[in-house]
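See structure below.
Any read-out appearing in this document is the output of simple, stated calculations on the displayed coordinates, not a laboratory observation. Just so we're clear, the structure is a prediction, and the values are computed from it rather than from any experiment. Using ideal geometry, Cβ is built from the backbone for each residue, glycine included, and neighbour counts are taken over all protein chains shown.
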């Protein structure tokens, strides 16, 4: 007689607790291997050890060491939390040592018994907590879902936990992203969403690590070059490999992708030919040394093609922006931006995270007619001890680790072009003083000595911080603020844009050129709060293309993703559309709750909530639940 999954697990637990053995023939291989490791470590499934919790100082230091990683993770955690269907969910992030750094929890989950000990500062290694998704990923570096009684200790048996590893730019484990829920709220697509969010964090780390290097995006299909499934390579100006992200390692498996190898050792195309294709921002095709063919695009080509400084020539007509600007307020701001850029006036862009501040900055550079490079700088990521040297350059031997021959610095790299200081509100006070001195005469003085050099730069700054409050709190210099905001442009949040539908279709085309979205889906998306704005929209549309079929995103696709809405009563709110579709499928399945949830890829709780006044144990159509 064939045993059900539940029966197999029940028998495996009996063997574990009575005989202290992991029954490999009854369990999924990753769970059996984890139970075996736990037993080898001396853990008793009937006697959980005391919880390990680090003190506040250790937790604070652990967070500080991973500052950039945490900021990227927190953004994805928020996005992920709002995409997971139903309730009773928690999204958490831990370091590679298993220390839980951050968690986003809804109230219903935090009240469950299994969740009471899941909080920042707790240690979730297998040796501390037995088989659990976070700890098992720390141990193996592979994604996993641990459901109910698959946990080594019964105290976590009411939970389903799905976790995925996050690797740094060198391929080492940097952290673990986890989504946990009550077993009854388990969603089949949660694993895919968690893995996608983890990849988003990895790509953010990779791009930041190689922000001054040439990046090559590649994929077997050109339309996926701007998606999470694209591989990323970082190379130096001579075409030598500096870094490879995890997806590129997968695409190029069997090839010598180690740091220091030349690009020609991987592909049959010369690096110079790639650079030539990049001049027109073209997609080109690469054949690797084993015969596979990939579409490829280059980024940061300014690093290898420096343009000599020339006289600025203002263009009478601004270039067409690469983004939607049909909203009247945005169109007016765009005109103001173009005029300020042609006159080389300092521009301050303000707006929430993800509203498109960098796109506006790049358009200012294009509209200015300047022929130098566009140099973006993340002020929040500048290391405090080296920030001045990064910006203004340094002489040889100026400090330990200084580059041989010195370095010109980012300001001089922008000479003749545009310097974009992003997250200026996060710039530390000492560096604010140095920047203010630079703005007086634009004379760049390298760290460690050397003659000052004049820089001809269009300065664009951006922040999502309210600088008025920062000045009142003493975190931002008032004299610097008044130097930066000669032209101040405030970008509206996505939820306030009159051209929302155009933005959705524009972003979808950049994510998946052959896909389309119907009007009912756009109406539904319009009702979401969009705290992450256009960046969140891009992530949402990418996820939707994985759930939809036939190249079309419709309202049913959004139901499948479990998107949440606000309680604002629109003409036909998304919640109403969801409930109508759920009730229709519920009727088609003769009142079968489980089958309805399976067809729509939502939780049983979501189905229950869509039914009008269900009586105790009986559905709308008289079918017992």
Debye log10 I(q)/I(0) for the stretch 56-207, one point scatterer per Cα, at q = 0.14, 0.19 Å⁻¹:
-0.58, -1.13
Where the centre of each part is set by its Cα atoms, how far does the stretch 219-298 sit from the stretch 329-365, in angstrom?
33
In what order do 196, 540 fall by count of nearby beta-carbon atoms within 10 Å, going from fewest to most?
196, 540
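Sequence gap at least 6, Cα distance under 8 Å: using those rules, report the relative contact order of the stretch 210-303 to the nearest whole percent. Don't skip to the answer; put the middle values down first.
On the way: 178 pairs, mean separation 30.8, N = 94.
Once normalised by length, the contact order is 33 percent.
On full extension of the chain, what length is gained from residue 275 through residue 434, given 0.36 nm per residue of separation minus the C-alpha to C-alpha distance?
Values: separation 159, 0.36 × 159 = 57.24 nm, distance 3.61 nm.
Residue separation times 0.36 nm, minus the Cα-Cα distance, leaves 53.6 nm.
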How compact and how long is the stretch 210-303, expressed as Rg and Dmax of its alpha-carbon atoms in Å?
11.7, 32
Based only on other Cβ atoms within 10 Å, what is the fewest-to-most ordering of 412, 80?
412, 80
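What's the Cα-based Rg to Rh of the stretch 10-142, Rh via Kirkwood?
Numbers: Rg = 16.3 Å, Rh = 16.3 Å.
With Rh from the inverse mean 1/r over Cα pairs, Rg/Rh is 1.00.
When every alpha-carbon pair in the stretch 466-518 is counted, what percent end up more than 12 Å apart?
Working: 1017 of 1378 pairs.
Within the stretch 466-518, distances greater than 12 Å cover 74 percent of Cα pairs.
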Debye intensity ratio in log₁₀ form over the Cα atoms of the stretch 437-564, taken at each q of 0.13, 0.23 Å⁻¹:
-0.72, -1.32
On the principal axes of its Cα set, how long, how wide and how thick is the stretch 456-496? Give whole Å, largest value first.
33, 33, 12
For 137, 290, 15, 460, which order do you get if you count the other beta carbons within 10 Å of each Cβ and list the fewest first?
290, 15, 137, 460
